[in-house]
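Participant: Below you will find the structure I want to go over with you.
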């Protein structure tokens, strides 16, 4: 087994307290030994408002990025959970497009190269063939826009059955043929659904642009599992095996440590412990980071 070249390990924005400024957030990530951060544009109006920042506000973020030495190459755009492309409501689908246009504009200005999209056709509505078709049409439109902007759109493997495996993503991708439409597996979500993780990674290795790392509890008869806030090492993810598979497949992309702040005054310590544990699992799997 060979060892891959060193890869980047990044930190999810939400691992740190929300009240921090971007300068503080990026400086902390640097102090903790990360190479990059991932910005979140989620359902909260405060985070969506970032997409309306003016030139001065955008330049402040760019300057903070350069001052810290921390890259900001990706965005987790989960706001579409509230405004999904698959909605039966025309106005909601239009809002999904507005969000996408703003996100691409923001990405181009800031230097973000990869936008992670939530793999939901709908979340707060009932799903059917209509919502699936609306989602596909929305993705076809979004990818055409992203190609012009030269920004990657990467679909996350999710906590619902719509896209809970890379195989399901590939089924959809056949209708959205574009080099700008890729997959961003969440190893925790992939594992929680009982997928054959090695098989799934093999199915998608040529289209995987980044990987989220978190632990989860499995979906089993009588339980819906747990998809966040699971202490690393206490869930169902076999990280060492996963890293060994990625090593064998010669995966060269980034990893993103996905955590959520507890706001208990010890978030940096929690992150440090998780990072140390993950790096140990990487070494066991033959990956140096």
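Participant: Taking the Cβ of each residue in 88, 148, 14, 56 as the centre, tally the other Cβ atoms inside 10 Å and list the residues starting with the fewest.
Facilitator: Working: 88 15, 148 10, 14 18, 56 7.
Lowest to highest Cβ neighbour count: 56, 148, 88, 14.
Participant: Taking 0.36 nm per residue of sequence separation and subtracting the Cα-Cα distance, how much length would be gained by fully extending the chain between residue 240 and residue 94, in nm to one decimal? Don't jump to the answer; show the numbers that get you there.
Facilitator: Details: separation 146, 0.36 × 146 = 52.56 nm, distance 4.27 nm.
Value of the extension gain: 48.3 nm.
Participant: Can you tell me the convex hull volume per residue for the stretch 74-229, based on C-alpha atoms, in Å³ to the nearest whole number? Intermediate results must be reported in sequence, preceding the final value.
Facilitator: Details: hull volume 17.2 nm³, N = 156.
Roughly 110 Å³ of hull volume per residue.
Participant: Here's a follow-up. Binning at 10 angstrom from zero up to the longest distance, how are the C-alpha pair distances of the stretch 148-289 distributed in percent?
Facilitator: 11, 41, 34, 13, 1
Participant: In units of 2.2 N^0.38 Å, what is the alpha-carbon radius of gyration of the stretch 29-108?
Facilitator: Working: Rg = 14.5 Å, N = 80, 2.2 N^0.38 = 11.6 Å.
Computed over Cα atoms of the stretch 29-108, the ratio equals 1.24.
Participant: Just how far, in whole angstrom, is the stretch 1-80 from the stretch 255-278 if you go by their alpha carbon centroids?
Facilitator: Comparing the Cα centres of the stretch 255-278 and the stretch 1-80, I get a distance of 15 Å.
Participant: What list do you get for 9, 249 if you sort them by fewest beta carbons within 10 Å? If you can, show how the numbers build up before the last one.
Facilitator: Details: 9 19, 249 16.
Least crowded to most crowded, the residues run 249, 9.
Participant: Give me the percent relative contact order of the stretch 75-212, please, defined on Cα pairs under 8 angstrom at least 6 residues apart.
Facilitator: Details: 225 pairs, mean separation 31.0, N = 138.
With pairs under 8 Å counted, the relative contact order is 22 percent.
Participant: Further, regarding this structure: Over the chain, with a Gaussian network built from C-alpha contacts below 10 Å, which listed residue (86, 253, 222) shows the highest mean-square fluctuation?
Facilitator: For the chain, modelled as a Gaussian network with Cα springs under 10 Å, the answer is 222.
Participant: What three numbers, in Å, describe the spread of the alpha carbons of the chain along their principal axes, ordered from the longest?
Facilitator: So the extents along the principal axes, rounded to whole Å, are 48, 48, 36.
Participant: So, one more: Okay, which of the stretch 107-142 sit inside 18 Å, backbone N to the point 7 Å along the Cα-Cβ direction of residue 81?
Facilitator: Counting backbone N atoms under 18 Å from the label point, the list is 115-127.
Participant: Then there is this: Picking from 11, 217, 61, which is most flexible by a Gaussian network model of the chain using Cα springs under 10 Å?
Facilitator: Of 11, 217, 61, the most mobile in the Gaussian network model is 61.
Participant: Can you pull the Rg over Rh of the stretch 166-210, Cα-only, Kirkwood?
Facilitator: On the way: Rg = 10.3 Å, Rh = 10.8 Å.
On the Cα set of the stretch 166-210, Rg over Rh gives 0.95.
Participant: At q = 0.10 Å⁻¹, what is the log10 ratio I(q)/I(0) for the stretch 1-138, with the Debye formula run over Cα points and no solvent?
Facilitator: With no solvent term, the Cα-only Debye profile gives -0.39.
Participant: For the chain, what relative contact order do you get, as a whole percent, if you take Cα pairs closer than 8 Å and at least 6 residues apart?
Facilitator: Working: 551 pairs, mean separation 60.5, N = 289.
In percent, rounded to a whole number, it is 21.
Participant: Anyone know which of 35, 273, 48 comes out most mobile in the 10 Å Cα GNM of the chain?
Facilitator: Sorting by GNM fluctuation, first place goes to 273.
Participant: Still on this model: Go ahead and collect, in residue order, the members of the stretch 12-36 whose backbone nitrogen is under 13 Å from a label point 7 Å along the Cα-Cβ direction of residue 44.
Facilitator: Backbone N within reach: 13-22.
Participant: If contacts are Cα pairs under 8 angstrom and at least 6 residues apart, what is the relative contact order of the stretch 178-237 in percent?
Facilitator: Values: 92 pairs, mean separation 22.9, N = 60.
Across the stretch 178-237, relative contact order equals 38 percent.
Participant: Please give the contour-minus-distance gain from residue 20 to residue 276: 0.36 nm per residue of separation, less the Cα-Cα distance, rounded to one decimal in nm. Present the calculation step by step, with values, prior to reporting the outcome.
Facilitator: Numbers: separation 256, 0.36 × 256 = 92.16 nm, distance 2.35 nm.
Taking 0.36 nm per residue and subtracting the Cα distance, the gain is 89.8 nm.
Since every read-out is calculated from the coordinates, none of them should be taken as a lab result. These figures come from a predicted structure and were not determined experimentally. Neighbour counts run over all protein chains shown; Cβ positions are idealised from the backbone, glycine included.
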